[in-house]
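The values are calculated or read from the model by the stated rules, or taken from the named source; none is laboratory data. A quick note: this is a predicted structure, and the numbers were derived from the prediction, not measured. Cβ placement follows ideal geometry from the backbone for every residue including glycine, while neighbour counts extend to all protein chains displayed.
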Amino acid sequence: MDRRHTDREYESELELLRDRVLLMGAHVEEVLVLAMRSYNERSVSLARSTINMDSQIDQLELEIDELAIQILARRQPVASDLRFITTTLKLVTDLERIGDLGVNICERVAELGADRSQSAHDPIPRIADVAQGMVHDALDAFVAGDAVKANQVIDRDKEVDAYYASLYPELLPRMMSNPSVVFESTRLLSIGKSLERLADHATNIAEMVVFMVKGQDVRHSGTTNPGSHG
Amino acid sequence: MTVQSPSRTRSNMNNSSRNDGSSAEETSKSRWDPPVSALVPKMKTVDLHAYFGPAEVLKGISLPIADKQVTAVIGPSGCGKSTFVRCLNRMHEVVPGARAAGRVLLDEQDIYHSDVDSVRVRRRVGMVFQKPNPFPTMSIRDNVLAGLRLNGERPDDPDSVVEKMLRRVALWDEVKDVLGRAGTGLSSGQQQRLCIARSLALEPEVLLMDEPCSALDPIATARVEELIHELRRSYTIVIVTHNMQQAARVANFTAFFYLGTLIEHDRTDVIFTRPKEQRTEDYITGRFG
Ligand SMILES: Nc1ncnc2c1ncn2[C@@H]1O[C@H](COP(=O)(O)OP(=O)(O)OP(=O)(O)O)[C@@H](O)[C@H]1O
Ligand SMILES: [Mg+2]
């Protein structure tokens, strides 16, 4: 089945835009993976090198913005194309913020250094797992136009909020009983906050995907078989 | 540690079988036009069929035309747009061998009823054509009055009719000093507005415009569109256009025709942001094979 535009050049412009968003998403996910690896391994050098990746993400955001605006100006897109492009324009600002938050995590890891003073249970990885999963699934939902998956992402935000809310009560007694862990604990809180916020941005993306899909699909259910005409 | 090319493939993104997790509920609330279900019709076609000889070119069109609103008719060439609007003022039957069946209601009255005078219908439902067609031998002034005269009318104060109509189409200031000159000497945009003035002189209630801007440059087009915004306070307007953006700009409602059938009729903002029918989507986004 083929849903291409009659105007092949227009089609290729939209494809280029999609490719750039996918590439930006891949970079952002990579930053998060490396940020969490640098945290888990307490690797300052990995944290520093990951910070440098942010400029590629910023560059892609500019490129995507410009491409989308050009398509808007020159093609006057409508219907699903319009929803795709406006969603893309909004989505990249959230993606870019997620990248920034990944960088924030790396900066905290660099401050932490190689030492790991707390031997107690580390609450960060479980927040990171859910938050990273949300980013991944929000992007997948965008790619596939999958509102069900997007809604699942939105639901998981509560989980991250709950984990983050429990972070402070968990760390506070440790800080009170052992002043030597205060420095590390405040960094952990900051990393937790970054994860909580990047989950919020993933939620934003998921909400945009629901909008992008709903405009089209709700109305197409039960009508003609797509692609059978034209 | 290099970033791989995206693991998600583009073919995924073109996936048509999208997964919509929610029930079908209308998401639009705060829009400027009423929903199509609340539309007050000035005209209405009911199961309208039109033929040229044996060829059926309209295959049962039921469409309300909103009162004092602009309705755009869009669709690929040959789908029956012109035939449809020509049925709305009984111009279709003027072509030898052409006929229509079904009902066309104007204020609830069937204009195809045997009691109804087609000349009277055409006064109430005026028409503006694609190519500006002022009468070549007539002055600007006489062009405005031509429709009235053809109908055997002699207004008491023709000059005031001329001024009123030229003002209504925003042409007065441009031509008031040259009213005696030939209408054909005007720019094509001015000629089209002159033709609209000529139609309006008959005081129609409905104005049919079949691609009124297709021969005009962007500035002249913008002026006609501006005029359409003005006219819709007093008239019910149906505009046929191949220019999707024009439909999006001027129309409150848009009807999409395909192969002689009405595929979709809805508020223009709905049609251009989230049409319900795949064929509408394909056509307006330029995916029509
Ligand atoms: N005078 C005629 N005699 C016979 N067939 C006609 C006549 N006028 C139009 N048709 C046919 O009727 C069908 C509908 O024509 P119509 O002019 O209404 O289409 P349209 O949608 O206005 O097309 P376009 O966008 O090209 O103006 C077409 O298949 C056309 O070939
Ligand atoms: Mg036509």
Subject >> Any pair with Cβ under 9 angstrom, 6 or more apart, that starts in the stretch B:66-85 at a residue that is closer than 17 Å to residue B:35 by Cα and ends at one that is near ligand 2 (Cβ under 8 Å from one of its atoms) >> reply: B:72/B:240
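It is to be established whether one or more residues within the stretch B:191-208 are within 27 Å of residue A:9 (Cα to Cα) and in contact with a Leu (Cβ under 8 Å, 6 or more places away or on another chain). Walk me through how you get there before you give the answer.
Kept after step one, since they are within 27 Å of residue A:9 (Cα to Cα), are these residues of the stretch B:191-208: none.
So far as the stretch B:191-208 goes, no, none of its residues is within 27 Å of residue A:9 (Cα to Cα) and in contact with a Leu (Cβ under 8 Å, 6 or more places away or on another chain).
How many of the residues in the stretch B:211-249 are under 21 Å from residue B:120 (Cβ atoms) and within 16 Å of ligand 1 (Cβ to nearest atom)?
Here is the first cut: in the stretch B:211-249, the residues under 21 Å from residue B:120 (Cβ atoms) are B:234-238.
The next check asks that each one be within 16 Å of ligand 1 (Cβ to nearest atom); those that pass are B:238.
Total meeting the criteria: 1.
Quick one: which strands (runs of 3 or more DSSP E) lie wholly within the stretch B:202-289 and hold at least 2 residues that are out of contact with any Phe, Trp or Tyr (no Cβ under 6 Å at 6 or more places or on another chain), of a type outside the set (S, T, N, Q) and within 12 Å of another protein chain (Cβ to nearest Cβ)? Walk me through it before giving the result.
On the way: elements: B:206-210, B:236-240, B:253-258, B:261-267.
In the stretch B:202-289, the matching strands (runs of 3 or more DSSP E) lie at B:253-258.
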Subject >> Pairs with Cβ under 7 Å, 6+ apart, first in the stretch B:122-133 and within 13 Å of residue B:86 (Cβ to Cβ), second within 16 Å of ligand 1 (Cβ to nearest atom) and of a type in the set (Asp, Glu) >> reply: B:129/B:210; B:130/B:210; B:130/B:211
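Here are some residues: A:73, A:138. Which one is part of a helix (DSSP H, G or I) and modelled with pLDDT of 95 or more? It would help to see each step written out before you state the result.
On the way: A:73 fails: modelled with pLDDT of 95 or more.
Result of the check over A:73, A:138: A:138.
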Original post:
What number goes with the only condition from (1) basic (Lys, Arg); (2) away from every other protein chain (no Cβ under 14 Å); (3) in contact with a Lys or Arg (Cβ under 8 Å, 6 or more places away or on another chain) that residue A:126 does not pass?
Top reply: (3)
Subject >> Single match in B:239, B:284, B:263 (criterion: closer than 26 Å to residue B:67 by Cβ, among the β-branched types (Val, Ile, Thr) and surrounded by fewer than 22 Cβ atoms within 10 Å (Cβ to Cβ)) >> reply: B:263
Original post:
Out of A:110, A:131, which single residue is in a helix (DSSP H, G or I), of a type outside the set (Ser, Thr, Tyr), away from every other protein chain (no Cβ under 13 Å) and over 22 Å from residue A:202 (Cα atoms)?
Top reply: A:110
**OP:** Among what's in the stretch B:68-116 and is surrounded by fewer than 16 Cβ atoms within 10 Å (Cβ to Cβ) and β-branched (Val, Ile, Thr), pick the residue that is nearest to ligand 1 (Cβ to nearest atom).
**Re:** B:95
Subject >> Hits in the stretch B:47-79 (condition: within 16 Å of ligand 2 (Cβ to nearest atom), under 13 Å from the mean Cα position of the chain (by Cα) and farther than 16 Å from residue B:127 by Cα) >> reply: B:74, B:75
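Only one residue in A:181, A:143 is in contact (Cβ under 8 Å) with a residue 12 or more places away in the chain, away from chain B (no Cβ under 14 Å) and farther than 18 Å from residue A:102 by Cβ, so which one is that? So that I can check it myself, show each step before the final result.
Working: A:143 fails: away from chain B (no Cβ under 14 Å).
Only one candidate passes the filter, namely A:181.
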Subject >> Single residue of A:207, A:196, A:159 found to be more than 27 Å from residue A:109 (Cα to Cα) and modelled with pLDDT of 90 or more >> reply: A:207
**OP:** Find the residue count for the stretch B:166-177, including only residues that are in contact (Cβ under 8 Å) with a residue 24 or more places away in the chain and out of contact with any Ser or Thr (no Cβ under 9 Å at 6 or more places or on another chain).
**Re:** 5
Subject >> Residues of the stretch A:2-42 satisfying the condition of being touching a residue at least 12 places away in the same chain (Cβ under 8 Å), over 30 Å from residue B:288 (Cα atoms) and surrounded by fewer than 18 Cβ atoms within 10 Å (Cβ to Cβ) >> reply: A:33, A:40, A:42
Original post:
Which one is farthest from residue B:234 (Cα to Cα), of the residues in the stretch B:120-131 that are more than 16 Å from ligand 2 (Cβ to nearest atom) and of a type outside the set (Lys, Arg)?
Top reply: B:121
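Here is a check on your reading of the model: is residue B:144 at pLDDT 95 or above, surrounded by 14 or more Cβ atoms within 10 Å (Cβ to Cβ) and either away from ligand 2 (no atom under 16 Å from the Cβ) or within 10 Å of residue B:194 (Cα to Cα) (or both)?
Working: at pLDDT 95 or above: yes; surrounded by 14 or more Cβ atoms within 10 Å (Cβ to Cβ): yes; either away from ligand 2 (no atom under 16 Å from the Cβ) or within 10 Å of residue B:194 (Cα to Cα) (or both): yes.
So residue B:144 passes the test.
With the structure loaded, tell me whether residue A:73 is touching a Cys at 6+ places or on another chain (Cβ under 8 Å) and of a type in the set (Gly, Ala, Ser) or whether it fails that test. Before you say what the answer is, go through the steps one by one.
Working: touching a Cys at 6+ places or on another chain (Cβ under 8 Å): no; of a type in the set (Gly, Ala, Ser): yes.
No: the conditions fail for residue A:73.
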